[in-house]
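Heads up, the thing below is written out as structure tokens.
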Amino acid sequence: MKSVRVAVVGAGVVGFSTAVCIAEALPFCSVTLLAEKFSPDTTSDGAAGILFAAKFPDIPLEKQRRWFKDSFDHLLAIAQSQHSPEAGVMLSSGWQIFKEVPADKRPFWSESVIGFRFMTESELKRFPDHKFGQAFTTIKCECVNYLPWLETRFRKAGGQVEQRKVHSLQELSSSYDIIVNCSGLGSKTLVGDDTVYPVRGQVLKVEAPWLQHFIRDGDGKTYIYPGIHSVTVGGTRQEEDWRLHVDEGDTKSILARCSSLEPSLSKARVLSEWVGLRPGRRNPRVEKELVQLQGRSVPMVHNYGHGGWGVTLAWGTALDALGLVRQCLHEMPLQAKL
Ligand SMILES: Cc1cc2nc3c(=O)[nH]c(=O)nc-3n(C[C@H](O)[C@H](O)[C@H](O)COP(=O)(O)OP(=O)(O)OC[C@H]3O[C@@H](n4cnc5c(N)ncnc54)[C@H](O)[C@@H]3O)c2cc1C
């Protein structure tokens, strides 16, 4: 019999990854994923989904390296299996180029990706404004496919799914023994975290099947990521900007910047435009706490605030969240587990 009731709030890449990890590892738990929005309407769905990361300032680098590697290895196994097309996970090779040589020429994740090396002088010739570049193979994980694939995996492990907005944690206190918060930007209101903020991103999908390699400017604002059905070009990083509509000025700027890196893009047809709000935070919050809800102490595990790197780090932080759920189980009074 399933004795411990776990609620996971959030159906983005972080929520579904966490829910799958818990449901598969802890079969005696009854896991329910609750969310207001599901695929294709989450932020995760519009992300380019390329695996890269920048450093978070206050999290030990060893931990960030592990988060990256755990996610990369998990997705690499999918990319190299028969599940790849259905799950929307593919290998992607290309270049990250810099106008000035960066202080950190070899990023902390360089040993996790495949074949990391510096670009040669002759490779850099096609980018005359750039002085330095890195060439490697990483992964592109398209959440429009990956989230439904994870949902199937979650249901197979016995998980249940409920579409609902959680207005207050009090609503969950009598029905669940452990609450796992993966609500991304929603954590601002759900758990009153004022340090989470939106980082607006606009991207376009274009038809350019001749492009096979990604190109990313090291400033993080301009990128070209070929995917399964189209090429994602971007982008913007506008902090504290809540606008969800497409901005024509941004569209023009994206097309101009991307065409200057890859002139053939001026011939590509625009298929769609999209805006999403990254859950910005100084560091992702992956920790547990006890919250007082209607006179009860309820263990809560947080996993949110991944900023521009949620697809990259989702599986790694989900494994840590699973570890925190295990700790909550050990600390729970015996009768709650019966
Ligand atoms: C333009 C753009 C490009 C990006 N490209 C990349 C990339 O290449 N690589 C990468 O790693 N990352 C990328 N990102 C970042 C990535 O999209 C995010 O880090 C990631 O989607 C965060 O996932 P999440 O599950 O935390 O949040 P979300 O996907 O936003 O999901 C949050 C979930 O919580 C639910 N929720 C919130 N509040 C409540 C509530 N009160 N009650 C019920 N449910 C609630 C929502 O409905 C939703 O289901 C990009 C983002 C943008 C905008």
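FYI, it's all coordinate maths here, none of it is from the lab. As the structure is a prediction and not an experimental result, all values here were calculated from the model. Reconstructed Cβ throughout: ideal geometry from the backbone, glycine too, with neighbour counts over all protein chains shown.
Please tell me which of these pairs span more than 29 angstrom C-alpha to C-alpha: K69/K105; K131/K267; K131/K188; K165/K288; K165/K221; K37/K105?
From K69/K105; K131/K267; K131/K188; K165/K288; K165/K221; K37/K105, over 29 Å: K131/K188; K165/K221; K37/K105.
Over all Cα atoms in the chain, the spread is summed up by Rg and Dmax: 20.5, 68 Å.
Inter-label distance, W210 to T137: 2.5 nm, where each label sits 7 Å from its Cα along the C-beta direction. Based on DSSP loop calls and a cut-off of at most 14 other Cβ atoms within 10 Å, the longest stretch of the chain free of exposed GluC sites (Glu not before Pro) is what? My reading of the result: 112-239 is the longest stretch. Axis of helix 310-331 versus longest Cα principal axis of the chain: the two differ by about 20°, to the nearest ten degrees. With all pairs of different C-alpha atoms in the average, the Kirkwood value for the hydrodynamic radius of region 59-192 is 18.5 Å. For region 280-338, which trypsin sites (Lys or Arg not before Pro) are in a loop by DSSP, counting at most 14 other Cβ atoms within 10 Å? Answer in residue order: R282.
Once the cut-off is 16 Å, how many percent of the Cα-Cα pairs in region 16-60 end up in the long-distance tail? So the portion of pairs separated by more than 16 Å is 62 percent.
For region 92-133, the calculated P(r), taken from all Cα-Cα distances in 10 Å bins from zero up to the bin holding the longest distance, is 27, 55, 18 percent.
Dividing the mean sequence gap of close Cα pairs (under 8 Å, 6+ apart) by how many residues the chain holds gives a relative contact order of 25 percent.
When the helices of the chain are scored as -39500 (n - 2.57) per DSSP H run of n ≥ 4 and the total is divided over every residue, the value at 222 nm lands at -9000 deg cm²/dmol.
Just to be sure I follow: if Rg is taken over the C-alpha atoms of region 197-314 and Rh is the Kirkwood radius over the same atoms, what is Rg/Rh? Can you show the working numbers first?
Working: Rg = 18.2 Å, Rh = 16.1 Å.
Rg/Rh: 1.13.
Rg of the Cα atoms in region 269-317, relative to 2.2 N^0.38 Å, amounts to 1.68. The C-alpha atoms of the chain define a longest principal axis, and helix 13-25 lies at about 50 degrees to it. Between the Cα long axis of helix 143-156 and the first principal axis of the chain there is an angle of about 30°, rounded to the nearest 10. Convex hull volume per residue, computed on the Cα atoms of region 18-98, equals 172 Å³.
Kirkwood Rh over Cα pairs of region 169-243 into Stokes-Einstein at 25 °C, 0.890 mPa s: D in µm²/s?
Values: Rh = 15.5 Å.
Result for D is 158 µm²/s.
Normalised by the number of residues in region 137-294, the mean separation of alpha-carbon contacts (under 8 Å, six or more apart) gives a relative contact order of 26 percent. Starting from region 1-103, pick out the chymotrypsin sites (Phe, Trp or Tyr not before Pro) whose DSSP state is loop and whose Cβ has at most 11 other Cβ atoms within 10 Å. Here the chymotrypsin sites (Phe, Trp or Tyr not before Pro) that fit, given the DSSP loop and packing criteria, are F28. From the Kirkwood radius over Cα pairs of region 114-195, Stokes-Einstein at 37 °C and 0.692 mPa s returns a whole-number translational diffusion coefficient of 184 µm²/s.
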